[in-house]
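Chemist: Once you've had a glance at the structure underneath, I'll fire off some questions.
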Amino acid sequence: MTKKEELHKGLKSLLKDIEKKSSVEKTDVVKKLSHTVAMLSIDKIEFNPFQPRNYFDEVELNELAESIRTLGLIQPVTVRSVGGEFYQLISGERRLRASKMAGLKEIPAYIRIADDQAMIEMALVENIQRTDLNSLEIAFAYQRLIDECILTHDKVAERVGKNRSTVTNYLRLLKLPPTIQNGIKKDIITMGHARALAGVEDPFVQLKLYNEVVSQELSVRSLESRILSLNTKKETKIPANKDPNVLAVQKKMEEFFGSKIEIQRNEQGKGHFVVKFNSDENFNDILEKLGII
C-alpha cells in the first residue's frame, strides 16, 4: 500500500461515523485534520451554494490555471465532509475552478467536519505553534483562521500571541507569484527574502528580483539594497514642483495605511488625496484604521 493510499484510508477511518463520536473523539479528529493535507478527487468536491462571490475574472483564472499546470496547486483548498467520499468547498473556489481548467484530477485539501468552529480555531492555533512549519505553511494557517473562523488580522494576532504586523507580513506572502511561493515552500529563499519581495508592487519586478536572488545567491541585505535602489530611481521621477511638505505628509499617510497614497494639490491649496487598495482584505484594513468597521 502506498503512502497516499495509507493517508486516504486513515482519513476515511477518522471520518467514519463522525456524528456518533463523543466530543473528546471529535476534538482529536479535528486536531489531526487541521494540519493534514489530503489529495482529493476533484470530482468529489462540490461548490459551496452559499459562496457570496459569483464573478471570477476569466483572464486571471486562465493565468492561475497555467501556473497550476506548471507548478501544481500550492495552497490547498478547504472542504467539509458531507458523507461518504464527497466534500463541499468551504474556501478556495478560485483555486478549484482553475484546477479544473488545468485538467487536474486531484487537488490538495484540508478537511473539516460539520459544526467544528471552536475546535478548528483551537487546532489551527495549536498547529501554528509547531516549530517545523515553513513560512508559507504559517501564512496558510493564518489565512485559514481568517477565512474559516471569520477573524480579523488583529484577532488572529491576539490568538497566536504575535504582533499584528507579523501576521500581516506572513499573509502578504500569499500575494506573491506562485513561482516565488514555490521557492519559499522548497526553502530556496528565506522568510527575509520573501518579506522583502512582498514589499515590491510589480509582480514582474518581484520575479526578476527572485531570479537574481536564486542565480546570484543574494543575501537578504543585498536584496533589500537593490529594492531600495529601484525605489530611489522611481522617486527621482517625481515632478520637481511637488511640494516637499506634501510629499512628507504623503509618506506618513502611506506608512499609516500601509497602502499607496496619491495627493493632488494646486497652488491655491485645493485638491484631493486617493488611498489605493489591492484587495478586499487591504480595503478592510484601511476601514479598520479609520474606525469605520
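Chemist: Filtering segment 230-249 down to residues that are among the aliphatic types (A, V, I, L, M) and modelled with pLDDT of 75 or more, which residue is nearest to residue 200 (Cα to Cα)?
Modeler: Restricting to residues being among the aliphatic types (A, V, I, L, M) and modelled with pLDDT of 75 or more, the top hit is 230.
Chemist: Residue 125 - would you say it is hydrophobic (A, V, I, L, M, F, W, C), modelled with pLDDT under 90 and not assigned by TED's automatic domain parsing to the domain that holds residue 92?
Modeler: Yes; evaluated as a whole, the condition is true for this residue.
Chemist: Condition check: of a type in the set (Asp, Glu), within 30 Å of residue 192 (Cβ to Cβ), at pLDDT below 90 and over 15 Å from the mean Cα position of the chain (by Cα). Does residue 148 satisfy that?
Modeler: no
Chemist: Considering only segment 204-213, I want to know if a residue exists there that is modelled with pLDDT of 90 or more, among the β-branched types (Val, Ile, Thr) and either assigned by TED's automatic domain parsing to the domain that holds residue 64 or closer than 30 Å to residue 271 by Cβ (or both).
Modeler: Checking segment 204-213: at least one residue is modelled with pLDDT of 90 or more, among the β-branched types (Val, Ile, Thr) and either assigned by TED's automatic domain parsing to the domain that holds residue 64 or closer than 30 Å to residue 271 by Cβ (or both).
Chemist: Does any residue of segment 176-189 turn out to be over 21 Å from residue 228 (Cα atoms), assigned to a loop (DSSP other than H, G, I, E, B) and of a type outside the set (Lys, Arg)?
Modeler: Yes, the conditions are met somewhere in segment 176-189.
Chemist: Assess whether residue 221 counts as being of a type outside the set (A, V, I, L, M) and surrounded by 12 or more Cβ atoms within 10 Å (Cβ to Cβ).
Modeler: Spelling it out, it is not the case that residue 221 is of a type outside the set (A, V, I, L, M) and surrounded by 12 or more Cβ atoms within 10 Å (Cβ to Cβ).
Chemist: Inside segment 65-93, can you point out the residues that are surrounded by fewer than 19 Cβ atoms within 10 Å (Cβ to Cβ) and touching an Asp or Glu at 6+ places or on another chain (Cβ under 8 Å)?
Modeler: Listed by number, the residues that qualify are 82, 86, 88.
Chemist: Here is a further query. Looking at residue 32 and the list (1) part of a helix (DSSP H, G or I); (2) touching a Leu at 6+ places or on another chain (Cβ under 9 Å); (3) modelled with pLDDT under 60, which single condition is not satisfied?
Modeler: All conditions are met except number (3).
Chemist: Sort through 200, 205, 156 and tell me the only one that's more than 17 Å from residue 74 (Cβ to Cβ), touching a Phe, Trp or Tyr at 6+ places or on another chain (Cβ under 8 Å) and among the β-branched types (Val, Ile, Thr).
Modeler: Of the residues listed, the single one that is more than 17 Å from residue 74 (Cβ to Cβ), touching a Phe, Trp or Tyr at 6+ places or on another chain (Cβ under 8 Å) and among the β-branched types (Val, Ile, Thr) is 156.
Chemist: Something else: Here are 263, 227, 286: which of them is surrounded by 12 or more Cβ atoms within 10 Å (Cβ to Cβ), at pLDDT 75 or above and not in a helix (DSSP H, G or I)?
Modeler: 263
Chemist: Scan segment 82-115 residue by residue and report those that are among the acidic types (Asp, Glu) and either more than 15 Å from the chain's Cα centre (by Cα) or not in a helix (DSSP H, G or I) (or both).
Modeler: If the condition is that a residue be among the acidic types (Asp, Glu) and either more than 15 Å from the chain's Cα centre (by Cα) or not in a helix (DSSP H, G or I) (or both), then 85, 106, 115 are the ones that fit.
Chemist: What are the residue pairs meeting all of these: first residue in segment 35-52, first residue outside the structural domain of residue 89 (by TED's automatic domain parsing) and closer than 21 Å to residue 141 by Cβ, second residue part of a loop (DSSP other than H, G, I, E, B) and modelled with pLDDT of 75 or more, Cβ atoms under 7 Å, and 6 or more apart or on different chains?
Modeler: If the second residue must be part of a loop (DSSP other than H, G, I, E, B) and modelled with pLDDT of 75 or more, no pairs are left.
The values are calculated or read from the model by the stated rules, or taken from the named source; none is laboratory data. Owing to the predicted nature of the structure, the values given are computational and were not obtained by experimental measurement. All Cβ positions, even for glycine, are placed from backbone atoms using ideal geometry, and neighbour counts span all protein chains on display.
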